[in-house]
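K.L.:
Below you'll find the structure I mean.
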Amino acid sequence: MPRYAFEDFTPGSAQMLGPYTVTKEALLAFAREYDAQPFHVDEIAAKDSFVGTLIASGWHTCCINMRLLADGMILDSASMGSPGIEEVKWLKPVRPGDTLRSRMTVLESRPSKSRPSIGLVRFGFEMLNQADETVFTQKNWVMFGRRDSEPVKGSGRSVLAAEASAMPDHTPKRELPHISSNPYFEDLVIGEAEELGSYTFEPDDIVRFARQFDPQRFHVDAHAAKESLFGALCASGWHTASIWMKLMVEYRNRIRANALSHGARPARLGPSPGFTDLKWLKPAYAGDTLTYRSTVTGKRVSNSRPGWGLVFYHNSATNQHGEEVFSFEGMVFWERRP
């Protein structure tokens, strides 16, 4: 029997997870695969970037926090996954050699509205570096089995959809025009959208990612996954998010190459301060193909960074059946026209 069930999480209780040292090799490996922006993959290019030095991808930091949570508690619990993330803030850069710890606090708990045998726990995370500086914060819900309840099998699609849909959603769903090519901050129009690309989640790929960052049984063991809430092997939510970042970078690189071929200097993107309202609405099962899209929802000139603006956007992914699997509200620093 797992040590932690829903009833074991008392609001106000806290524990420290970690430590975890971010090696340069690991930082570069993650960034090259999922977030190959210059300030994540090239020390020389990073010196001339918005940041000025080589730093870890924010999505890598999220995945490290997931690994600390897995080792510190989740793998010895009745965890049934998460319906989403309320908020992430990337407050300070994570650099090669940094040693991270994460303070986990139980904020609240409640029984599931859709399945009485499941309870939801809301956690707050504060990640600290070796200088005790806060580099990252996160708030999210996790689903747990209730003690002495019968195991829940194979109903992950409906349970996840119900709990994720209960989270706030401030983005209208509508058909939107395409983003103009090579846009600077001034060129972006609210409501413009673009399809970033598609990605098929193969079983080996799901397991490889999960073993490194999120080794829960339904992500790493096809047989055990059959007996889980989800009923079959499915990708870690952080894997689906990392693939969004991968396709976004590849999409921007295509725009950059097109601009350079016409003798224009392409607009640059800076780092992201964070995101809100991330929802995992349905599992991404082995063999599923997800198509990712991004829509501009707002923008404002940066007060702290001359020559830059802050752009807000809604991101989503649908599977081959046209079902929305994943969505979140993001933001990023965007270069203004010289």
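The values are calculated or read from the model by the stated rules, or taken from the named source; none is laboratory data. Source: prediction; values computed, not measured. For accessibility, only protein heavy atoms count, side chains too; no ligands or nucleic acids. Shrake-Rupley method; radii C 1.70, N 1.55, O 1.52, S 1.80 Å.
K.L.:
Provide the per-residue ³J(HN,Hα) series for segment 65-79, in order, calculated from phi with Karplus coefficients 6.51, -1.76, 1.60 and θ = phi - 60°, each as a whole number of Hz, with x at glycine and proline positions.
P.N.:
Values, residue by residue: 4, 5, 5, 5, 5, 4, 5, x, 7, 4, 5, 10, 9, 8, 4 Hz.
K.L.:
Related question: At a threshold of 8 angstrom on Cα-Cα distance, excluding pairs fewer than six apart, so keeping six or more, what relative contact order does the chain reach in percent?
P.N.:
Contact order relative to length: 18 percent.
K.L.:
Could you work out the helix-only [θ] at 222 nm for the chain, with each DSSP H run of four or more residues adding -39,500 (n - 2.57) and the total divided by the number of residues, to the nearest 500 deg cm²/dmol?
P.N.:
Per the formula, -8000 deg cm²/dmol.
K.L.:
Taking every pair of Cα atoms in the chain, average 1/r, invert it to obtain the Kirkwood radius, and report Rg/Rh to two decimals.
P.N.:
0.96
K.L.:
Shifting gears a bit: Could you please state how large a percent of the accessible area of the chain is carbon and sulfur, counting protein chains only and using a 1.4 Å probe?
P.N.:
Carbon with sulfur: 51 percent of the solvent-accessible area.
K.L.:
So what's Rg/Rh here for segment 224-338, counting alpha carbon atoms and using the Kirkwood radius for Rh?
P.N.:
1.07
K.L.:
How much accessible area per residue does the chain have, counting only protein heavy atoms and a probe of 1.4 Å, in square angstrom?
P.N.:
Accessible surface, normalised per residue, equals 43 Å².
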